[in-house]
Amino acid sequence: MAQASEKYVLRLADNILILGQRLGEWCGHGPVLEQDIALTNIALDLIGQSRMLYQYAAEIRNDGSTEDDLAMKRDVFDYYNCLLVEQPNGDWGKTIVRQFFFDTYHYYLQEFLVNSSDQRLSEIARKSFKEVAYHAQYSAEWVIRLGDGTEESHQRVQSSVNDLWTFTGELFTPDELDREMQEQGIGPDLDVIAANWNKKVNEILEIATLQIPEETFMQSGGKQGEHGEYLGFILAELQFMQRAYPDMKW
Amino acid sequence: MSKEEILNMEARFERYVAEENKVEPKDWMPEKYRKTLIRQISQHAHSEVVGMLPEANWISRAPSLRRKVALLAKVQDEAGHGLYLYSAAETLGADRQQLVEDLLSGKAKYSSIFNYPTPTWADMGAIGWLVDGAAIANQVMLCRTSYGPYARAMVKICKEESFHQRQGYEIMMALAAGTPAQKKMAQDALNRWWWPSLMMFGPTDDHSPNSAQSMKWRIKRKSNDELRQEFIDKTVPQAEFIGLSIPDPDLKWNAERGHYDFGEINWDEFYNVIAGNGKCNRERLAARNKAHDEGKWVREAANAYAEKQRVRQQKQTSAA
């Protein structure tokens, strides 16, 4: 039976833990109470999903590691999240655009993983898919609202689209591990995900009266552990307790 | 209405609530009853919203994923409580926007307890156990308050708060049963939160001028001192059970009264924090203002978009 590699599962888990960590920063600081709740809810879903994946990765590793060991005791170069999710929240619009780019990718990825040849990944995707579909709908609706809202909101959100576009290429650029997972029917063909993603993103940005940026250089490296400077600070908070009080029960 | 008619109405109203009837939004009520409730419910709503901050402070640093998820969910519940309570205040004719403005300008109050800082993880345990515990004592009473929408909001809120309290106690329990470093952290948090939690019930009965009227209207059903005593009697054994000590040398069981006797509360500190001199008063209000100011363009965009959609739909309907 097909089984994903530990590294592949960590990629999936790290993406949503780091994004959840970022979204958690909004808690108590949202533009209006209802949206504070909505964003916290997404953070909650994502971190909840990441726990299932870390538990699975820990089982694959099979050396007594726990979900928290994996989530909180690695250094920057051993995290495999894409660069998009570690980008700072910025204003509400930037958070929404980051979320929309990621959610749309996450939606098509999960849609594939529901039928992954790795049974565990398939089960986890089944449990997560409804949530992920809701996230994608929520962030798309907000992109439209902000893009087609006021002149100020339009400008702000367009500039976030421009800023974050450079981090979207990485999502669809397969490396050896992606190809290996695809061959085994564990992971998707990223070209297919890219085509779906582009179609959806074009459609939503058009409704939102926003422009797709011109040809942009695409950053990469996150999923191989080559990060920018932000991740270290995220980890400093994420790992603080596990580092200051090692090997204790909470 | 003549003055005499109003007095008659007020007398009838008092009989009505004394007979344990619920007051509903469309019922006649004395203007002062309405104002008292709006003040109390909106203060409660503000407390939920400001109360998110000291705990949200630890979301990024929670020691395990399980605790992180639980804390996120808890803070989210508080935001939800804020929403129900603003809605309850709106049934009395208050405007949520105005209530929020009053909080941001410093005109409206919120529970002073949230002006204390949360420097360690154990504060997440202490807040759940003690602060939510004290809040529940008050809120269980409010489930039977005379104003229907408030009482019903409280029933829902109480269920979630009890869950939070257990969760907080469980955090403390894990710390108290842990390493010496963890136990020290737990004791330190108890030392800092014990007295402020007792202050949450408000001044002693002989210094609580509005209480009598609220009791008469069945808004309040127990006095500050009664509620405080209930809380102490319930909490002391919980501390003993996990091996933490209450920071009050005068605390001892009084068999004759059937209650714990306790030491003098430092009311100077209480009034000082209310006056704005707590460690975090400025930060809390600044954080709320910052969120509100930075969210302005988002709220405007949402309104503008909703308006555009309305016009588009209208055009579609008239075209058809």
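The values are calculated or read from the model by the stated rules, or taken from the named source; none is laboratory data. Values in this document were obtained by computation on a predicted structure and should not be read as measured data. With ideal geometry, Cβ positions are generated from the backbone for all residues, glycine too; neighbour counts draw on all protein chains shown. The protein model used for the area step is the full one, side chains on, heavy atoms only, and it has no ligands, DNA or RNA in it. Shrake-Rupley method; radii C 1.70, N 1.55, O 1.52, S 1.80 Å.
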Item to check | Average silhouette area of segment B:120-168, convex hull of alpha-carbon atoms, in square nanometres | outcome: 3.0
Item to check | With all protein chains modelled, accessible area of B:His44 [1.4 Å, Å²] | outcome: 30
Checklist outcome for this item: Around B:Lys222 (Cβ within 12 Å, Cβ-to-Cβ, excluding B:Lys222; K/R +1, D/E -1) the net charge comes to +1
Checklist outcome for this item: Both in Å, the radius of gyration and Dmax of the C-alpha trace of chain B are 22.1, 82
Checklist outcome for this item: Per residue, accessible area of the protein assembly as shown with a 1.4 Å probe, heavy atoms of protein chains only, in Å², comes to 44
Next on the checklist: How are the alpha carbon pair distances in segment B:90-144 distributed across 5 Å bins from zero to the largest one, expressed in percent?
Outcome noted: 4, 14, 16, 17, 19, 19, 8, 2, 0
Checklist entry - Per the Debye formula with a single identical scatterer at each Cα and no solvent contribution, what log10 I(q)/I(0) holds for the protein assembly as shown at q = 0.10, 0.11 Å⁻¹? => result -0.93, -1.07
Next on the checklist: Not counting ligands, DNA or RNA, and with a 1.4 Å probe, what is A:His227's accessible surface area in Å² rounded to the nearest 10?
Outcome noted: 40
Item to check | Loop chymotrypsin sites (Phe, Trp or Tyr not before Pro), segment A:176-239 (other Cβ atoms within 10 Å of the site Cβ: 12 or fewer; DSSP) | outcome: A:Phe217
Checklist outcome for this item: Quick tally, 1.4 Å probe accessible area for A:Tyr105, A:Tyr54, sorted with the most first, runs A:Tyr105, A:Tyr54
Item to check | Cubic angstrom per residue, convex hull over Cα atoms of segment A:2-244 | outcome: 115
Checklist entry - In segment B:63-145, which trypsin sites (Lys or Arg not before Pro) are in a loop and have at most 10 other Cβ atoms within 10 Å, using DSSP for the loop call? => result B:Lys107
Next on the checklist: Roughly how far apart, in whole Å, are the Cα centres of segment B:73-112 and segment A:43-70?
Outcome noted: 38
Next on the checklist: On the Cα set of segment B:217-272, report Rg and Dmax in Å, please.
Outcome noted: 13.4, 42
Checklist entry - In whole Hz, what ³J(HN,Hα) sequence does segment A:18-27 give by Karplus (6.51, -1.76, 1.60; θ = phi - 60°), x for Gly and Pro? => result 5, 5, x, 4, 4, 5, x, 5, 6, 4
Checklist entry - Which whole-Hz ³J(HN,Hα) couplings does segment A:106-121 yield from phi under the Karplus relation 6.51 cos²θ - 1.76 cosθ + 1.60, θ = phi - 60°, glycine and proline marked x? => result 4, 4, 5, 5, 5, 4, 5, 5, 3, 10, 4, 6, 7, 4, 5, 4
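Cβ under 10 Å from B:Glu101's Cβ, B:Glu101 left aside: what net charge do those residues give with Lys, Arg +1 and Asp, Glu -1?
After counting each charged neighbour, the total is 0.
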Checklist outcome for this item: Using alpha carbon centers only, segment A:166-192 is separated from segment A:5-27 by a whole-angstrom value of 18
Next on the checklist: Taking only the Cα atoms of segment B:32-163, how large is their convex hull per residue, in Å³?
Outcome noted: 100
Item to check | Between segment B:259-308 and segment A:216-250, the Cα center-to-center distance that results, in Å | outcome: 31
Item to check | Label-point separation, B:Asp261 to B:Ser105 (7 Å along Cα→Cβ), nm | outcome: 4.9
Item to check | In segment B:248-300, GluC sites (Glu not before Pro) in a DSSP loop with at most 14 other beta-carbon atoms within 10 Å | outcome: B:Glu256, B:Glu264
